[in-house]
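Beneath this line is the structure, given in structure tokens, with notes to follow.
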């Protein structure tokens, strides 16, 4: 790939053309020069960054939605997409067992889903203390307490910054050796408060103890938000739903569709129990943006002009059905266990309890682990990413693609062990 990247970079290092170019030549260039420099992230042996592939039906839906070229900010701007969006959000709630009355927004990914949910949370908890963020902003607002686990995902801190709540003005709760919040470490709080819990630690896959945390939150009168980028899909599993016990009792939930639901990028989902809280945080008004009797997405999302993500999400859920979605989650979790067991049998250290689709691996000291990761990534057989967890350099295996077969698992295991022996 390095040579291909250099060729692409050199080919792109040219001035803007003076005249139009032939569309056929453009597509040929994209394929000939661009394709060799892409990652095979849609394949069955890509285990980096909790990346799903694109189910065949979703890829076709993506092509059709692109050809439709709909701007789906309102019912008037695209009645078809508005209908697909309502159906897709309804099916997501059914698949995960979330409240039917919850309102949703289809956004770019879990970062923006967290932003959307926490904007609704911020405004609602401050309004409960007679402060209207929509009208008054945050200048002079009551202090708002944010409670996070020590291993909260880094994107949450970005979101807090974007929301004007600050990266450092948080209370962090100690975690156990799998990254789960310790309920005994929850603070005493007064005033407006939001607590964020994880459904699926980004390294270990472990879940914060939602039932205990939500019980504490209810007694304290706080909003509970769930960062469930990939792990919340365990709720669709007949085998692993217990890992997320209590999650459905939260106030808001953020997830990615381009992870375990296996739709094309970019696709995130924000769901908020209190429909009015989401609407009041996100609504838009204007002289030409006339209100209608239909659900207008622009009143529930941070953006206005937006692509038709709903078509792909609907196609994924229609393609899989309830049983197919459960089978996908179950199969990936079984495959992660198979990889962990195969590595462990050969003396490779597994650093986490493999409870979901995540395997954290060390091959000795940090230097050797780094060398093995580089060898694996250069092999072209399998791709796994590096991470730093609990003070150690490690390799993270994330199994979340519909395309991963048991044969892929065997080939990947052989390639990883070969890299281990080479170093």
Output the residue which, of all residues in the stretch 364-397 that are more than 23 Å from residue 176 (Cα to Cα) and either assigned to a strand (DSSP E or B) or touching a residue at least 60 places away in the same chain (Cβ under 8 Å) (or both), is farthest from the chain's Cα centre (by Cα). 381
Which listed residue, of 253, 233, 260, is surrounded by 24 or more Cβ atoms within 10 Å (Cβ to Cβ), farther than 22 Å from residue 332 by Cα and at pLDDT 95 or above: 253
Given (1) touching a helix residue (DSSP H, G or I) at 6+ places or on another chain (Cβ under 8 Å); (2) in contact (Cβ under 8 Å) with a residue 24 or more places away in the chain, index of the condition residue 284 fails: (2)
Report whether or not residue 312 is out of contact with any strand residue (DSSP E or B) (no Cβ under 9 Å at 6 or more places or on another chain) and under 19 Å from residue 410 (Cβ atoms). no
Checking residue 72 against (1) at pLDDT 95 or above; (2) crowded, with 21+ Cβ neighbours inside 10 Å, which single condition isn't satisfied? (1)
Without any contact (Cβ under 8 Å) to a residue 24 or more places away in the chain, over 26 Å from residue 93 (Cα atoms) and either in a helix (DSSP H, G or I) or more than 18 Å from the chain's Cα centre (by Cα) (or both) - does that describe any residue in the stretch 319-339? yes
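The values are calculated or read from the model by the stated rules, or taken from the named source; none is laboratory data. The structure presented is a predicted model; accordingly, all values stated were derived computationally and were not measured. A quick note on method: Cβ atoms are made from the backbone with ideal geometry, for glycine too, and the neighbour counts reach across all protein chains shown.
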